[in-house]
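Data block below; observations after.
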Amino acid sequence: MKLQPKIKLLDHVRQAIRLKNYSYSTEKAYVYWIKRFILFSDKRHPKTMGGPEIEEFLSYLAVERNVSASTHTVPASFQGEPSSLCTVVPLPGCTRS
């Protein structure tokens with residue numbers, strides 16, 4: 001039996017986005033915001049975070065980075081119940097309601 005290599009988070013995100021036939025620019029935007037969110041959250045895995053961490057990230061973008069509200073469209077789409085990013089892109093280990 002051959003073991004499957006572990007797929008990295010962002011590679012999994014790219015695969016899931018491509019399966020949904022999203023445009024390449026949408027894929028790049030999602031990956032960009034996921035990276036920013038992970039770095040902001042001290043490199044914690046998104047499946048371990050939820051609404052409060054996303055709210056904190058969005059507040060940081062608005063208040064400290066002066067990011068316009070229209071830029072919040074992609075990160076705000078990660079707000080889900082109960083498992084944030086998992087509602088947009090199905091990730092390994094995530095559960096959806």
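Out of LEU19, LEU3, I need the residue that is surrounded by fewer than 16 Cβ atoms within 10 Å (Cβ to Cβ), hydrophobic (A, V, I, L, M, F, W, C) and modelled with pLDDT of 80 or more. Which one?
Values: LEU3 fails: modelled with pLDDT of 80 or more.
Every option except LEU19 fails the conditions.
Find the residue count for segment 34-56, including only residues that are modelled with pLDDT under 85, part of a helix (DSSP H, G or I) and in contact with a helix residue (DSSP H, G or I) (Cβ under 7 Å, 6 or more places away or on another chain). So the count comes out to 4.
The values are calculated or read from the model by the stated rules, or taken from the named source; none is laboratory data. Note that the structure is a prediction, hence the values are computed from the model and not measured. Glycine gets a Cβ as well: all are built from the backbone with ideal geometry, and neighbour counts include every protein chain shown.
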